[in-house]
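Data first, discussion second: the structure below is written as structure tokens.
The values are calculated or read from the model by the stated rules, or taken from the named source; none is laboratory data. It should be emphasised that the depicted structure is a prediction, and the values quoted were computed from it without experimental measurement. So basically every Cβ, Gly included, is an ideal-geometry build from the backbone, and we count neighbours across all protein chains shown.
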Amino acid sequence: MFENSAGKDLIDQLKFMHDQGFTAMEDNGMKGKSKEDQEKIAQQMTKTNMTMGVFVAHKIYWNEPNLTNGNKDLRNEFLNDIKDCVEVAKRVNAKWMTVVPGHVDLKLEMGYQTANVVESLKQACGILEPHGLILVLEPLNFYNHPGLFLKKIPQAYEICKAVDSPSCKILDDLYHQQVTEGNLIPNIDEAWDEIAYFQIGDNPGRNEPTTGEINFNNVFHHIYNKGYNGILGMEHGKSKEGKSGEEQLINAYRKSDNFLN
């Protein structure tokens, strides 16, 4: 996100982030990085007391069902990915990993699909619980990702209650939820005990706060007052290119975080 300001080197980018006041970093592709790069990133983050955020846990099926249809081979593929995540999480000092249950199965009623997903997640949590790791379910919007099974926060909440594990929680991506259902603060309140992580992105455009319709100042204020002290992942683009765009992005967060002043 900041290579125009810090260069392409991963460690230089981390140093820049820290100097700007960021206390955490997330990387969806961390699992696919080399062991050497993972260790270098973890060492630098430890030096500056930065927290590692989410990484994507498994192969996501964007156009065909995998967890929804109950196929045992596809379930085992998913569970093997989860097993691999344990070592990655330990190596990079991560706690959370993103899970997307994949595409709907058009030949099955939703109740059966939900039961299939719940069973897969229960087995995944059996792998993660002994290590204190958490999979976070991310509902994705229908506009960018048509046909996916998991779309809304109430649906993710229902699944987490059915799985009934401290290792199965919700990733509330506020961009996706603004597109899908809006009602951001009431849904945060209703699902609060199952939300473990937030991601940010304004709508339309999926760029930094202040570039769209979401009042992030109010949202940040609300979750702060509820006692949230976890990570807010910046899963979005920049509305302006180049170094000036990166400076504008940082200023947008400072502007949106001024409710304490």
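Summary table
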| read-out | value |
| --- | --- |
| The listed residue being of a type in the set (Ser, Thr, Tyr), in contact (Cβ under 8 Å) with a residue 24 or more places away in the chain and not in a loop (DSSP other than H, G, I, E, B), out of 68, 114 | 114 |
| Any chance residue 124 is touching a residue at least 12 places away in the same chain (Cβ under 8 Å), small (Gly, Ala, Ser), part of a helix (DSSP H, G or I) and in contact with a Lys or Arg (Cβ under 7 Å, 6 or more places away or on another chain) | no |
| Verdict on residue 45 being of a type outside the set (D, E, K, R), assigned to a strand (DSSP E or B) and surrounded by 20 or more Cβ atoms within 10 Å (Cβ to Cβ) | no |
| Conditions (1) assigned to a helix (DSSP H, G or I); (2) more than 30 Å from residue 242 (Cβ to Cβ); (3) touching a helix residue (DSSP H, G or I) at 6+ places or on another chain (Cβ under 7 Å); number of the one not met by residue 37 | (2) |
| Residue in segment 83-97 that is outside any helix (DSSP H, G or I), touching a residue at least 24 places away in the same chain (Cβ under 8 Å), touching a Cys at 6+ places or on another chain (Cβ under 8 Å) and crowded, with 18+ Cβ neighbours inside 10 Å present | yes |
| Conditions (1) at pLDDT below 95; (2) among the aromatic types (Phe, Trp, Tyr); (3) surrounded by 17 or more Cβ atoms within 10 Å (Cβ to Cβ): number failed by residue 259 | (3) |
| Top-ranked residue of segment 227-245 - restricted to ones that are under 16 Å from residue 205 (Cα atoms) and not basic (Lys, Arg), ranked as surrounded by the fewest Cβ atoms within 10 Å (Cβ to Cβ) | 241 |
| Scope segment 1-50; condition in contact (Cβ under 8 Å) with a residue 40 or more places away in the chain, more than 28 Å from residue 239 (Cα to Cα) and β-branched (Val, Ile, Thr); matching residues | 46 |
| Residue within segment 193-200 that is aromatic (Phe, Trp, Tyr) and either crowded, with 19+ Cβ neighbours inside 10 Å or over 30 Å from residue 162 (Cα atoms) (or both) present | yes |
| Among residues of segment 210-261, those that are of a type in the set (Lys, Arg), in contact with a helix residue (DSSP H, G or I) (Cβ under 6 Å, 6 or more places away or on another chain) and in contact (Cβ under 8 Å) with a residue 24 or more places away in the chain, counted | 2 |
